[in-house]
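The values are calculated or read from the model by the stated rules, or taken from the named source; none is laboratory data. As the structure is a computational prediction, the values presented were derived from the model and not from experiment. Note that we place each Cβ from the backbone using ideal geometry, even for glycine, and neighbour counts take in every protein chain shown.
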Amino acid sequence: MFSNTVRRSLSYTTFYLRPIGHQRNAWLTSMADQSVQRYNSNDTNHVHHSKIPPSPTWQPVKMTQPTQVPGEVVDKLERLALVDFQNQEGVECLEKAIQFADQLHSVDSAGVEPMDSVLYDRSMYLRKDSINEGECAEALLQLSNHVVDEYFVAPPGNIPLVKNEER
Amino acid sequence: MAAASAGLGGMTSICNKLKHVTVFTSTIICHALKRRISICIGRPQSQPQTKKKSVSQGMVGVVGLEIHAQINSLSKLFSAAEVRFLAPPNSLVSFFDASLPGTLPVLNKRCVEAAVMTGLALNCSINRKSLFDRKHYFYADMPAGYQITQQRLPIAVDGKLTYSYLGGHKRNQMVTKCVHIKQIQLEQDSGKSLHDEPHNQTLIDLNRAGVGLMEIVMEPEMSCGEEAAAAVRELQLILQTLGTCRGNMAEGQLRVDANVSVHMPGEPLGIRTEVKNINSARFLARAIDYEIQRQKELLEQGGAVQNETRAFDQKTSTTVPMRDKEDFQDYRFMPEPNLPPLRVYDSVSVPAGLDPSQLVLVDELQACLPELPSVRRDRLVQTYSILPEHSFTLVNDDKLLDYFESVVKSTKAAPTKVIGWVMKELVGLLNQQNLEISQSPVSPHTLAELLDLLEAGHISSSAAKHVFQELWKSPGKSAEQIVQEQDLGLLSDPAQLRSICQTVVDTHPEQVRAIKQGNQKVLNKLMGEVQKDTKGRANPVQLRAILQEMVST
């Protein structure tokens, strides 16, 4: 399990990742006046009891160049996910999204056991084996804009690879 | 998910032929059923056999199985929608099964108990804590875009399955083997896709989406199709005994994927292929043996085995590459964030204050396990002194076992005699006329009476066989009636027997001479002649004595 230090620093991280406006609100409403003062006095010699570190513990991540997604990978993604990036702009958007997520790689998580879920210390609720759902085909099929009889209609599973040059 | 497309093969190709989708629902189903039935009727074994062997000389097949067993429960794994085969499309679908936003999984306790019971019956250790993961697929029959499964920490691990089959050159030796079970994981079934190629669309039925599956993973420790088929049959029997899965392969309740490779014994395993779409134990054996042979021939010709997914084609008894999945698939496994760990307990170590409705107690389930097939077979062999192979036939069919036991209870004949009659005469005629045991025209009581007549020496065994045939033709009559009507009682009157024997001896001087010269075997020939004359009614003990006396004078 987590050491206390790791746990504490993780909670800081969560805090700092909040949007600024939200952070200020949370600060003003939930913190005791005393600790606010102590923090504001900026006196690091005092032992302060707040869980908020006096200064940011993270460093800005240096943004790398956007990841290049080769044409064949785009084709494959489009085929697997049944999406269409449409044009070069769409592909650039994808590349930026990948770049944004790549920042996570710079977090040093050595020796930290991954936490799967915030419910890790709970147990699964077990339901009695009885039938009280279903028989709502009509309601469900209404949500789909293409049905045949009582079936949902989806695009064919294997769509041919779009040629690179056609984009 | 291997499971997803299995069992659909038949339907898919039929869809392609249909021009109008509107007639789908019922037509597809009955077509599919008809096709399955016609497939089940005998098809000659056609296996590629090659004589040339050099590269593949000494190579052996290695087979591992992944079996998806649908859990026999009222409702689905994570939703309270009904589990039923052949319901109107999309009628058994909850909002969660259709993965509408905001719905959450709620685990079915029955499915957990079924997995624990199955794990215990397969000698697994049960993980007191197990976890759920998401395995991602982009298939329309899995609308969430992922399947909830147990990849990292499954509910049961490290088990073994012992299975037997008739092997050896004459297929009359009982061979017993053991395969290790790597793990049993709980996971969701997918919906069904019907590919409507003329209209370039796929029709989706989510009735099966979310049904509870146990994926049972066997280590690659089998070497041929016959072993794999025997292991699957034994597993099927265990699941049916436990009631955790109905095990009907034709309805897709038990689906098998086989991982097949070839190698030289002692060397690392070869590159494997995965064979899917197998819906009977017999096809499984055929698909595996074909695939082993194909890989050997491929290596023989200097080729290399591709890591690929192949489907079994029932028409040609061959395996063919499947179109999708042309390269490595990334399932992007991740922990299922909506589900906390699944915990099961032992009665002694239950934490205080837990709601009893939330408890799955491993030791209690262990104590309630029914008698497993292997234990039952041992018991039958011990109780009735019957052959192990007979115990297999009996345990494979509950009704046959009931029949046998009720005959044993109501006759004076020894169980070892009863089993012969049941296996040879009864099962023989049943198979010949393609009947179920419950349709037998001869009731256990009637057979018991017949065996009593035989045991008491009132009829000969050949006459008894004749009576049995007669009973089969005229149900309702008793053995006694038939014996009287057709005068089949044993001939034990010495004078009468003597006169018949005298005639036979007089008309077979050559045989008599042979016996006198010391060839005692010829005596049987004379006995046979007498029995022919008496329609098998002569008391064989007396007959032999009389004949011997006659020829030795």
Query raised in the report: In segment B:134-150, is there at least one residue being touching a Leu at 6+ places or on another chain (Cβ under 6 Å), assigned by TED's automatic domain parsing to the domain that holds B:Leu206 and modelled with pLDDT of 95 or more?
Result: yes
Requested in this report: State whether the residues of segment B:158-175 include one that is of a type in the set (A, V, I, L, M), surrounded by fewer than 22 Cβ atoms within 10 Å (Cβ to Cβ), within 14 Å of chain A (Cβ to nearest Cβ) and not in a loop (DSSP other than H, G, I, E, B).
Outcome: no
Report task. Could you tell me whether B:Leu186 is hydrophobic (A, V, I, L, M, F, W, C), under 30 Å from B:Leu365 (Cα atoms) and either more than 14 Å from every other protein chain (Cβ to nearest Cβ) or in a helix (DSSP H, G or I) (or both)? Result -> no
Query raised in the report: Residues in segment B:334-365 that are under 36 Å from the mean Cα position of the chain (by Cα), more than 9 Å from chain A (Cβ to nearest Cβ) and not acidic (Asp, Glu): how many?
Result: 6
Report task. Can you work out which of the residues in segment A:64-82 that are part of a loop (DSSP other than H, G, I, E, B) and more than 29 Å from B:Arg152 (Cβ to Cβ) is farthest from the other protein chains (Cβ to nearest Cβ)? Result -> A:Gln65
Report summary line: Residue set B:Ile41, B:Ile67; condition farther than 23 Å from A:Leu126 by Cβ and at pLDDT 95 or above; output residue B:Ile67
Query - All positions within segment A:90-117 that are within 14 Å of chain B (Cβ to nearest Cβ) and of a type in the set (S, T, N, Q) - result: A:Ser117
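Counting only residues that are touching a helix residue (DSSP H, G or I) at 6+ places or on another chain (Cβ under 7 Å) and in a helix (DSSP H, G or I), which one in segment B:385-395 is farthest from B:Ile437 (Cα to Cα)?
Residues of segment B:385-395 that are touching a helix residue (DSSP H, G or I) at 6+ places or on another chain (Cβ under 7 Å), as a first pass: B:385-386, B:388, B:390-395.
Imposing the further condition that a residue be in a helix (DSSP H, G or I) reduces the set to B:388, B:390-395.
Values: B:Pro388: 21, B:His390: 16, B:Ser391: 16, B:Phe392: 16, B:Thr393: 12, B:Leu394: 11, B:Val395: 13 Å.
In this case the residue turns out to be B:Pro388.
Got a sec? Which helices (runs of 4 or more DSSP H) wholly within segment B:396-481 have at least 3 residues that are in contact with a helix residue (DSSP H, G or I) (Cβ under 7 Å, 6 or more places away or on another chain) and over 21 Å from B:Ser492 (Cα atoms)?
B:398-410, B:415-420, B:444-455, B:461-473
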**Report entry** Which numbered condition B:Ser552 misses (of (1) hydroxyl-bearing (Ser, Thr, Tyr); (2) more than 24 Å from B:Ser461 (Cα to Cα); (3) in contact with a strand residue (DSSP E or B) (Cβ under 8 Å, 6 or more places away or on another chain))
**Finding:** (3)
Report task. Look at segment B:89-98 and say how many of its residues are crowded, with 21+ Cβ neighbours inside 10 Å and facing another protein chain (nearest Cβ under 7 Å). Result -> 6
Query - Every residue from segment B:71-88 that is over 23 Å from the mean Cα position of the chain (by Cα), surrounded by fewer than 24 Cβ atoms within 10 Å (Cβ to Cβ) and at the interface with another protein chain (Cβ under 7 Å from one of its Cβ atoms) - result: B:Leu74, B:Ala80, B:Glu82, B:Pro88
Query raised in the report: Scanning for something of a type in the set (S, T, N, Q), touching a strand residue (DSSP E or B) at 6+ places or on another chain (Cβ under 8 Å), outside any loop (DSSP other than H, G, I, E, B) and under 30 Å from B:Leu429 (Cβ atoms), does segment B:524-541 turn up at least one residue?
Result: yes
**Report entry** Looking only at segment A:118-153, and only at residues there that are part of a loop (DSSP other than H, G, I, E, B) and over 30 Å from B:Val112 (Cα atoms), the one that is nearest to the other protein chains (Cβ to nearest Cβ)
**Finding:** A:Glu150
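From the list B:Val112, B:Val93, which one is β-branched (Val, Ile, Thr) and within 16 Å of B:Leu342 (Cα to Cα)?
B:Val112
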Query raised in the report: If we keep just the residues of segment B:101-126 that are part of a loop (DSSP other than H, G, I, E, B) and at pLDDT 95 or above, which is farthest from the other protein chains (Cβ to nearest Cβ)?
Result: B:Asn123
Report task. Would you tally the residues in segment B:292-303 being farther than 13 Å from B:His263 by Cβ and of a type in the set (A, V, I, L, M)? Result -> 1
Query raised in the report: Are any residues in segment A:89-109 over 17 Å from A:Val61 (Cβ atoms) and hydrophobic (A, V, I, L, M, F, W, C), and if so, which ones?
Result: A:Val91, A:Cys93, A:Leu94
